[in-house]
Amino acid sequence: MCSDGGKIQPRLHDNQLAYIGGDTRILSVDHGIKFSGMVHKVTSLCGGAIDIFFKYQLPVVKMLML
């Protein structure tokens, strides 16, 4: 997901931070994409934004599997 044009603000009901406003788009990339290719795809999708931050979630791994 690529979000731009909004602000991170505290929610009124619980004071937790949330992304408010802006646009959110879904971005699909090939598993083997290089980082530079992904940056190019995101900047073109978001209208050439200068600041890009990537956040990701690692899959859950059980300790016994290590």
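Throughout, read-outs are computed from the coordinates displayed, never taken from laboratory work. If you're wondering where the values come from, they're calculated on a predicted model, not measured in any experiment.
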Check your understanding: When the Karplus curve 6.51 cos²θ - 1.76 cosθ + 1.60 is applied with θ = phi - 60°, which whole-Hz ³J(HN,Hα) does each residue of the stretch 35-43 get, with x for Gly and Pro?
Key -> 4, 4, x, 5, 4, 4, 5, 5, 5
Study note, to complete from the structure: Sorted by chain and then number, the residues having a modelled amide H within less than 5 Å of the amide H of S3, at least 5 places away or on another chain, are R25
Revision key, fill the gap. For Kirkwood radius over Cα pairs in Å the list reads [x] 14.5; [y] 17.6; [z] 12.6; the calculated value is entry [x]
